[in-house]
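Asker: Structure below; questions to follow.
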Amino acid sequence: MSELLVDFITSLDGHASGEGWPGFWGLEGPEYLAWLGEQPEATYLMGANTYRLMSGFAAGEVPDGQDEFRPEEEASVDELTQASKVVFSSSLEEPLTWANSTLVRDDAVEAVRAMKSSGSGLLSTIGSLSLCRSLLRAGLVDRFRVVMFPVITGATGQERIYDGYPDVALEMIEHRTFDGRIQLVEYKLSVLEHPPLGVPA
């Protein structure tokens, strides 16, 4: 059975991006980049908006506010291009132009449920806030990982991650600091129907 990881990089205040900020908020360092390069092979799951954005980067479109990609951003996009990707969308048309991308028009929750039961590798989300929220609500997420960058984007932050989430109990299974400033936390999780009746001792 496959394992599903929801994986985010965020500002400290829970935004997935910020207007005018470069990738990684311009704050990635050698330890963090080395860790990214050591990640196991995964099939990446995304929705149409993330696909349009990332496939545009792969085709050479530069983010707003930048003249060109930084080497770290290019390397990240190149790795995603080589990876297997599943895109859930009713608006995109086949064939998808980004290499190694498969379009799925079926209900994403049921499709991922089937992928988990029939597969054996790692499934990982990239971006796609509404998809992640739906998969979490359906109880399909095994691990939840957040890498927090040391910036608060109160004025420019976009894509608030946790709006619309249910209550979720988190059990930390990993934590790490990269380059003295970037914090990783990883959890197993349980979606709650109501707040717990007692506080753990």
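The values are calculated or read from the model by the stated rules, or taken from the named source; none is laboratory data. Because the structure is predicted, anything quoted here is derived from the model rather than measured. All Cβ positions, glycine included, derive from the backbone under ideal geometry; neighbour counts span all protein chains shown. Accessible surface areas use protein heavy atoms only, side chains included; no ligands, DNA or RNA. Shrake-Rupley method; radii C 1.70, N 1.55, O 1.52, S 1.80 Å.
For every residue, the table says whether it meets (1) surrounded by 16 or more Cβ atoms within 10 Å (Cβ to Cβ); (2) modelled with pLDDT of 85 or more; (3) aromatic (Phe, Trp, Tyr).
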| site | (1), (2), (3) |
| --- | --- |
| Glu28 | yes, yes, no |
| Glu61 | no, no, no |
| Pro71 | no, no, no |
| Ser76 | yes, no, no |
| Gln82 | no, yes, no |
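Asker: Which condition from (1) open to solvent by less than 60 Å² (accessible area, probe 1.4 Å); (2) of a type in the set (Asp, Glu); (3) free of Cβ contacts under 8 Å to residues at least 60 places away in the same chain is the one that Glu93 breaks?
Answerer: Going through (1) open to solvent by less than 60 Å² (accessible area, probe 1.4 Å); (2) of a type in the set (Asp, Glu); (3) free of Cβ contacts under 8 Å to residues at least 60 places away in the same chain one by one, Glu93 breaks only (1).
Asker: Determine the pairs where a residue that is over 15 Å from Leu5 (Cβ atoms), located within region 166-186, has a partner that is open to solvent by 70 Å² or more (accessible area, probe 1.4 Å) and aliphatic (A, V, I, L, M) with Cβ atoms under 9 Å apart, the partner being 6 or more residues away or on another chain.
Answerer: Every condition considered, the pairs that remain are Gln183/Leu12.
Asker: Quick test for you: out of Leu33, Leu103, pick the one residue that is in contact (Cβ under 8 Å) with a residue 24 or more places away in the chain, over 15 Å from the mean Cα position of the chain (by Cα) and surrounded by 12 or more Cβ atoms within 10 Å (Cβ to Cβ).
Answerer: Result: Leu33 is the single residue among Leu33, Leu103 that is in contact (Cβ under 8 Å) with a residue 24 or more places away in the chain, over 15 Å from the mean Cα position of the chain (by Cα) and surrounded by 12 or more Cβ atoms within 10 Å (Cβ to Cβ).
Asker: For the condition within 12 Å of Ile126 (Cβ to Cβ) and free of Cβ contacts under 8 Å to residues at least 40 places away in the same chain, what is the one hit in Val86, Val6, Val77?
Answerer: Criteria check complete, one pass: Val77.
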